[in-house]
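Report on the following structure.
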Amino acid sequence: MSWFEKLKAVFLRRKEGEDGFGDEWEELEDEEAAHHIDYHNKEQRTDYVRNCLERMADATRELENLNFEYDMVTSYLKDMEEIEALPPEESEQLKECAKKVAQLQDSRADFMERPHRISDEKYQQMERMADEVEEGYRKLKEAEDYQDLIRQDLTRLDGEKHAYLYRKNEVTHIISDTRGMAVICVAALVLCILLLLFLQFFFDMDTKAGYLVTALAAAIAITLVFVRHVDARRELHRVESGINKIILLQNKVKIRYVNNTNLLDYLYLKYGVTGAGELMELWENYKIEKEEREQLRKAELDLDYNQQELLQMLKRYQIKDPAIWLHQTEAILDHKEMVEIRHNLIIRRQSLRRRMDYNRDVVAGGSQKEIRELVEQYPQYAKEVMASVEEYEKKFAKG
């Protein structure tokens, strides 16, 4: 019977001339609080009664929650007694099943806590491309090796080009030098002829030998300079031709380099890696991770099977809440753990009992007592108080 129903019953008996304030009131704690209220003031009187009723409603709701928790704790304690009272053979079977569940739970916990070899995103990516990863690695490896060869070719061609350019610079200087030497030889020849003419006409000297020597020297010098100049020109043509060939080869190799670079960029983007080595590492980690996850899946299936078996076993032993023991297998296996849990449950139940007594006797009982005293001292307001109780009872029932 709720507090509101008790109040209504009291008012009904009072209306019929009975003593409406009997033993059911005496069960509550008699703790009077000081009130400074003008009970003849309707507003203050109504607020006072409503406050008492609200406290009773709050206490009733709290008692419902506490009763539920109290019954649950009591049920746990009874289940523990049932488990400890099992015959040795059945107790051993229960422990064996609980041991399997505990081991599988520990294995699952270890897997969940360990750092994963690859992220879930990478795992899903490898899973989607499992059929083409090895082929992709081969393509990436070939492209990277080819890229290294291309770089080597470009480096070699660049070295050859610089060597040709250096040789071209040397040959250009030789051509320039031979031109200068030719001018010097011609100038020297002219000077020698003028000198010989001067000696011949002004000093009447015989200069025939001088002319011969001069002509011979000039011929030899000019021939040597000419030959060197022609050789330099030929060398320059060969060097320039070599430079042009190198430039053509460089352009060809650069095109290959660009195409191969684009291929690598595409493959890197496709597989989400920065190199063939990273892709292979991911693939190896994926295979290990896949194997471990498969083992976990099998372990979870085994765990589910053993948990169901443990539940069925507990149900056969009339355990009211067998599901809770799926997470307390240590208590089944270790008597000390069972004793510790029982101790904690007993303390919880004592705490719940104190809270229940407080809400029932002090809060709700005190509020009932205050309303009773109000009606006893001011019977002319009994109907009004009764109406407030009925109104609040309906409101409480809807809430």
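The values are calculated or read from the model by the stated rules, or taken from the named source; none is laboratory data. These numbers were taken from a predicted model, which means no experiment stands behind them. Cβ: placed from backbone, ideal geometry, glycine included. Neighbour counts: every protein chain shown.
Here are the numbers:
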quantity	calculated
When residues of the stretch 125-159 are limited to those that are among the acidic types (Asp, Glu) and in contact (Cβ under 8 Å) with a residue 60 or more places away in the chain, the one nearest to residue 267 (Cα to Cα)	144
Selection status of residue 301, assigned to a helix (DSSP H, G or I) and either closer than 29 Å to residue 123 by Cβ or modelled with pLDDT of 90 or more (or both)	yes
Verdict on residue 311 being outside the structural domain of residue 73 (by TED's automatic domain parsing) and either of a type in the set (Phe, Trp, Tyr) or touching a Pro at 6+ places or on another chain (Cβ under 7 Å) (or both)	yes
Selected residue (only one of 325, 283 is within 32 Å of the chain's Cα centre (by Cα), at negative phi and buried (at least 17 other Cβ atoms within 10 Å of the Cβ))	283
Count of residues meeting criterion [without any contact (Cβ under 8 Å) to a residue 12 or more places away in the chain and either acidic (Asp, Glu) or in contact with a Ser or Thr (Cβ under 7 Å, 6 or more places away or on another chain) (or both)] in the stretch 342-372	1
Condition check for residue 92: among the acidic types (Asp, Glu), modelled with pLDDT of 85 or more and loosely packed, with under 12 Cβ neighbours inside 10 Å	yes
Selected residue [in a helix (DSSP H, G or I) and more than 44 Å from the chain's Cα centre (by Cα)] from 168, 139	168
Criterion (exposed (fewer than 15 other Cβ atoms within 10 Å of the Cβ) and of a type in the set (Val, Ile, Thr)) met by exactly one of 346, 341	346
Unique match (being exposed (fewer than 13 other Cβ atoms within 10 Å of the Cβ) and either among the hydrophobic types (A, V, I, L, M, F, W, C) or not in a helix (DSSP H, G or I) (or both)) among 112, 72	112
Among residues of the stretch 315-353, those that are hydrophobic (A, V, I, L, M, F, W, C) and either outside the structural domain of residue 80 (by TED's automatic domain parsing) or under 23 Å from residue 104 (Cα atoms) (or both), counted	10
Members of the stretch 174-207 that are part of a helix (DSSP H, G or I), surrounded by 14 or more Cβ atoms within 10 Å (Cβ to Cβ) and without any contact (Cβ under 8 Å) to a residue 12 or more places away in the chain	177, 199, 200
Test: residue in the stretch 314-324 that is more than 15 Å from residue 72 (Cβ to Cβ), of a type in the set (Val, Ile, Thr) and assigned to a helix (DSSP H, G or I)	no
